[in-house]
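Written out below as structure tokens is the structure these notes cover.
The values are calculated or read from the model by the stated rules, or taken from the named source; none is laboratory data. Treat the numbers as computed from the prediction; the structure is a model and nothing was measured. Ideal geometry is used to build each Cβ from the backbone, glycine not excepted, and the neighbour counts take in all protein chains shown. In case anyone asks, the SASA skips ligands and DNA or RNA and just uses the protein heavy atoms, side chains included. Shrake-Rupley method; radii C 1.70, N 1.55, O 1.52, S 1.80 Å.
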Amino acid sequence: MELETVRMLSRTALQNLEAHRKRIDDLNVYPVPDGDTGTNLVLTLRSIVEALDASTAEASAAVAKDLSRAALMGARGNSGVIFSQIARGFTDVLGGSDDMSTPRLARAFRAASDAAYRAVKRPVEGTMLTVIREMAEEGERRKTRRLSPSDFLAAVLARGEDALARTPEMLDVLREAGVVDAGGAGLVEIEDPDDAALLGEAHRDRAADPVRRAGDERDLALKSTHGNLPQPSAIPRTNRATASTVLSG
Amino acid sequence: MEREDHIVAETDLGRISVSSDAIAQVVGYAAAESYGVVGMAGRRGWARLLSWGSRNAIHVERRDDGLAIELRVVVEHGLRLAEVGAAVRARVLYELERQFGMPVASLEVHIDRVRKSR
């Protein structure tokens, strides 16, 4: 893990979350419908970004340690605490070296899922936990394991979105409210390196992206009526496969 | 836990009440599903032998101004304890309100131990 890469990934995750904060807040009906999941994840990521900005770590293991610690210390709310465990699982594997091969990424997702599940007596499915677990399972499929690192990440993320779309089938309170899980939606945004700045390519203006824009305007129209919320899976996502090459590069 | 009933509704035909045990069960379910909680604390060691301390991980008492609840949990090592505690508290209060609609005068969450599961 290189500090500069981790900084960029964290910043992108923070930008993604900030852009979708309101939508994620509005999705929040579980475990308590207090509408703060998006805000909590933004605050968690913000403190990670700040801690990494202040970091002087050089070796991969030191970068991993700083990231893991930043996630732990900055964890806000339920979703932030779960994310801190996911980050810890990732860094346990990826901190070992700069190698970002597909098998190693697969192990990182598995470690992230296991770490997340380890910290609760009675895991509730249809939440952020389900999303990270299905990502890990996708990473272990023989077919996925043969992919290049960037295609692997795209496949894992697609599976995460698919799992997110199915969360209402797993958790009654979500189905009744007509929403997908807020924490899971936040996790998908965090794991989505959908930003060309990361690739050092021409800057892709999100606002100019018609697809994104349609989704974002709909977000703004949403208020407190959970029942009218669209499922995020209805908002097409683009550019993922190319953007994910940053991890493997 | 002492047998104690709590009135949740009164009608012309009679009252509807729930026991402290039922309330404690709901508290227990809500807490066990809270992220970071890996167990409930029981009476251990000397306290167990000498019958000190609260009898169970969950203690429910009726007070004039509402329920007084004490909850002792075991949390996974390495988590932000303040955030876990706050989440447990919010979740338990929400479930009590949703299921019983009774006023809660106090809810104390004690993190009794941390457990390292690896």
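Around the amide H of B:Met40, modelled in the peptide plane, lie the amide H atoms of B:Val74, all under 5 Å away and 5 or more residues distant in sequence or on another chain. In this structure, the amide hydrogen of B:His110, modeled 1.01 Å from its nitrogen in the peptide plane, lies closer than 5 angstrom to those of B:Leu71, B:Arg72, B:Val73, counting only residues at least 5 positions away or on a different chain. For region A:39-88, which residues drop by 40 square angstrom or more in accessible area between the chain on its own and all protein chains together (1.4 Å probe)? Listed in order, they are A:Leu72, A:Asn78, A:Val81, A:Arg88.
Dipole magnitude for region A:118-167: about 260 debye, using +1 per Lys or Arg Cβ and -1 per Asp or Glu Cβ, origin at the Cα centre. Here the Karplus curve 6.51 cos²θ - 1.76 cosθ + 1.60, taken at θ = phi - 60°, turns the phi angles of region B:17-29 into couplings of 10, 10, 8, 4, 4, 4, 5, 4, 5, 4, 4, x, 4 Hz, with x standing for Gly and Pro. On association of chains A and B, roughly 2100 Å² of accessible area becomes buried (total for both chains; probe 1.4 Å).
Rounded to whole numbers, the Karplus 3J(HN,Hα) couplings from phi for region A:30-42 are 9, x, 9, x, 9, x, 10, 4, x, 4, 4, 5, 4 Hz, using 6.51 cos²θ - 1.76 cosθ + 1.60 with θ = phi - 60°, and x at Gly and Pro. Taking 7 Å steps out from each Cα toward its Cβ at A:Asp53 and A:Val173 produces label points 3.5 nm apart. Contact residues in region A:1-37 (at least 10 Å² less accessible area with all protein chains than alone, 1.4 Å probe): A:Tyr30, A:Pro31, A:Val32, A:Pro33. In this calculation the C-beta distance from B:Asp64 to A:Asp114 is compared with R0 = 41 Å, giving a FRET efficiency of 0.30.
Specify the inter-centroid distance of region B:97-115 and region A:74-133, based on alpha-carbon positions, in whole Å. If you average the Cα positions of each part, the centres end up 28 Å apart.
The Rg/Rh ratio of region A:1-130, with Rg taken over Cα atoms and Rh as the Kirkwood radius over Cα pairs, comes to 0.97.
Here the label points at A:Asp34 and A:Ala158, each 7 Å from Cα along the C-beta direction, are separated by 3.8 nm in the simple model.
Each Lys and Arg contributes +1 and each Asp and Glu -1, all at the Cβ; summed about the Cα centre of chain B, the dipole is approximately 880 debye.
Here r is the Cβ-Cβ distance between A:Asp151 and A:Ser101 and R0 is 22 Å; the resulting FRET efficiency, rounded to 0.05, is 0.95.
Note on chain B: GNM, Cα springs under 10 Å; of B:Ala32, B:Ala41, B:Ala105, the largest mean-square fluctuation is that of B:Ala105.
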